[in-house]
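Undergrad: This is the structure, below, for whatever I ask next.
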Amino acid sequence: QVQLVESGGGLVQAGGSLRLSCTTSGRAASRPAMGWFRQAPGKERDLIAAISGSGVMTYYVDSVKGRFTISRDNAKNTMYLQMNRLNPEDTADYYCAASRRLSLVTSPLEYDYWGQGTQVTVSS
């Protein structure tokens, strides 16, 4: 089994910053491809950022490009999402996910393991 645990969510004012963390434990590829998803109320869960197992390759959806930064520390089995210049449209539950693949994964269907989510609320 593979467990992913997110942390770092909370309430922040528009223009502020938060950093989410996702720690992986259990039996998994040593450096799995990982991603961050978010789901706003009444909407589908969407991939917003992804990172390859090595950390060299990254992907961002246009709405967060230039504001969010995905990174990972494989020695700590932890992935991060630095979120800057937050706006109310970023309010959502944020989930981390891991794939069995090592290369960059941008298809939600190729993620195999999921965290329980952490809530981010941005007030105007």
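Undergrad: Restricting attention to region 7-21, does a residue exist that is part of a strand (DSSP E or B), of a type outside the set (F, W, Y), open to solvent by 10 Å² or more (accessible area, probe 1.4 Å) and touching a helix residue (DSSP H, G or I) at 6+ places or on another chain (Cβ under 7 Å)?
TA: no
Undergrad: Quick check on region 25-35. Is at least one of its residues over 15 Å from N74 (Cβ atoms), surrounded by fewer than 21 Cβ atoms within 10 Å (Cβ to Cβ) and within 12 Å of the chain's Cα centre (by Cα)?
TA: So far as region 25-35 goes, no, none of its residues is over 15 Å from N74 (Cβ atoms), surrounded by fewer than 21 Cβ atoms within 10 Å (Cβ to Cβ) and within 12 Å of the chain's Cα centre (by Cα).
Undergrad: Which condition number does V56 fail, the rest of (1) in contact (Cβ under 8 Å) with a residue 40 or more places away in the chain; (2) open to solvent by 60 Å² or more (accessible area, probe 1.4 Å); (3) in a loop (DSSP other than H, G, I, E, B) being met?
TA: Unmet for V56, out of (1) in contact (Cβ under 8 Å) with a residue 40 or more places away in the chain; (2) open to solvent by 60 Å² or more (accessible area, probe 1.4 Å); (3) in a loop (DSSP other than H, G, I, E, B): (1).
Undergrad: How many residues does region 87-101 contain that are open to solvent by 10 Å² or more (accessible area, probe 1.4 Å) and among the acidic types (D, E)?
TA: The qualifying residues number 2.
Undergrad: Out of the residues in region 72-100 that are in contact with a Pro (Cβ under 9 Å, 6 or more places away or on another chain) and outside any strand (DSSP E or B), state the one that is nearest to A14 (Cα to Cα).
TA: T91
Undergrad: Which of the residues spanning region 101-124 are in a loop (DSSP other than H, G, I, E, B) and of a type in the set (D, E, K, R)?
TA: R101, D112
The values are calculated or read from the model by the stated rules, or taken from the named source; none is laboratory data. Keep in mind that what you see is a predicted model, and the values were worked out from it rather than measured. Neighbour counts run over all protein chains shown; Cβ positions are idealised from the backbone, glycine included. With ligands, DNA and RNA removed, areas are computed over all heavy atoms of the protein, side chains included. Shrake-Rupley method; radii C 1.70, N 1.55, O 1.52, S 1.80 Å.
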